[in-house]
1. Just reorder R120, R180 by solvent-accessible area, largest first, 1.4 Å probe, all chains present.
2. In the full protein assembly as shown, how much of T363 is accessible to a 1.4 Å probe, in Å² to the nearest 10?
3. D259: accessible area at probe 1.4 Å, nearest 10 Å²?
4. At 0.36 nm per residue, and after removing the present C-alpha to C-alpha distance, how many nm does the segment from V403 to V44 gain when stretched out fully?
5. Tabulate in residue order the Karplus-calculated ³J(HN,Hα) for segment 264-274, using 6.51 cos²θ - 1.76 cosθ + 1.60 with θ = phi - 60°, rounded to whole Hz; enter x for Gly and Pro.
Amino acid sequence: MKNLLEKLRVEDWVAVWVSVPLLLLSALVPRSLPAVPATLVGSVAWYNIALLFLIVLVVLYVGSLLLRRPVRGLLPSLVVVFAVSLVAQVVAKIPVVAKYGFESVFFSVLFGLLIRNLWRLPDWMKPAVQGEFFIKIGVVCLGATILIGDVMKSGVFGLVQACLVVALVWFFAFRFSRRRGVDERSAMILSSGVSACITAARVAGGDDRKLSYIVSLVLIVVVPMIYLMPWLAGLILPHLFEPSVAQEVAGAWIGGTIDTTSGVVASSEMIGDAANRQAVIIKAAQNVLIGVVAFFIALYLSTRGERGREAPSLGIVWEKFPKFILGFVAASLVFSLMQSGGFFVPGDGGKLAETGVAKTFSTVFFSLAFVCIGLDTRLKEIVSKENRNLLRSFLAAQGFNIVVTFVIACLLFGVLKPMWTA
């Protein structure tokens, strides 16, 4: 029994245990929980900030105690890390910044890098710099935002497109980057989207410095994609399909090529309501596959034995498997069942408050994690020949994604779906 308890006190499991109360709060009292304020002005904003900080502090203290990590000095260290992440999230909410598609994690990495590279990081700031632990909590909370019911709205065509695009683009990106000399684990991270690559990095055990580079790269490329995709859709699709069909195809194309949900929404809104609805549904379908991709990456890495040795047993596979992925899957299943059972009632705008709060927690912990990664990274380590190969590989994969998703969207939503519904 004592041995079992010790196995449950590793970081993967502890990330799940400390996430459970967060998800319970999201499900039971969503309207009483704080949101990240859009500004730092006013008593309501500072009340939300104080409550969010208290929640993060309790989670970090409990997690550190369970992991037998020292808790001395956590408070002042967390104050700085939290303040930097808060500024990053507020900056991302500025209308002009949000319009151009920059995410809070991008600014989190950027601000962390600036602090690390302009000043020496003092010892008292280090106790709360626990990027990997924060990411795992964020991944578990992210699971609660991915509802299977949302995916089913797209029907068989949306699911088929999501599976085909994710599989084809992932394998192309992985093979291409490996041929460019990118190491295997970085290639796995590169082949996924933003949330997926954060999850894949924790599964594959990739270098946090490369993860910060890849995430920043993805988020920077999203910005021109937001404007490029509507322009391409308007240039090509009206010559191929009727206006109503062209909007659906455009939405499916945008939903399958832009790597962030906010970017998908901003881009598809430029075309029309029908394109926007289809794009968001397609993106939701692809988001559900985050867990599937992470599961197979983990399974592949867990079953690999060293050269010349016998393949590992199921016991060893279980031992090496990242347990926090099970928390991600469980959160998705539980919240999906609660939605389908009528426990969650959509509010204004048709959105669920419960998943909105879970998304807030996920965003907060991802932002904290990337501040920590920035604080741990020297810029001279990012600017390297190997990262230039990562850049070329990602741009090639993005070009492949645009072409292959166009073909699949035209076939499914421009040809097969109209024939099916006729």
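The values are calculated or read from the model by the stated rules, or taken from the named source; none is laboratory data. Remember, it's a predicted structure, so these values are computed and weren't measured experimentally. Accessible surface is based on the protein model in full, side chains and every heavy atom, while ligands, DNA and RNA are left aside. Shrake-Rupley method; radii C 1.70, N 1.55, O 1.52, S 1.80 Å.
1. Highest to lowest solvent-accessible surface, that is R120, R180.
2. The value for T363 is about 40 Å².
3. Its heavy atoms expose roughly 30 Å² to the probe.
4. Contour length minus the Cα-Cα distance gives 124.6 nm.
5. Each residue's phi maps through the Karplus curve to give 4, 4, 4, 6, 5, 5, 5, 9, x, 5, 5 Hz.
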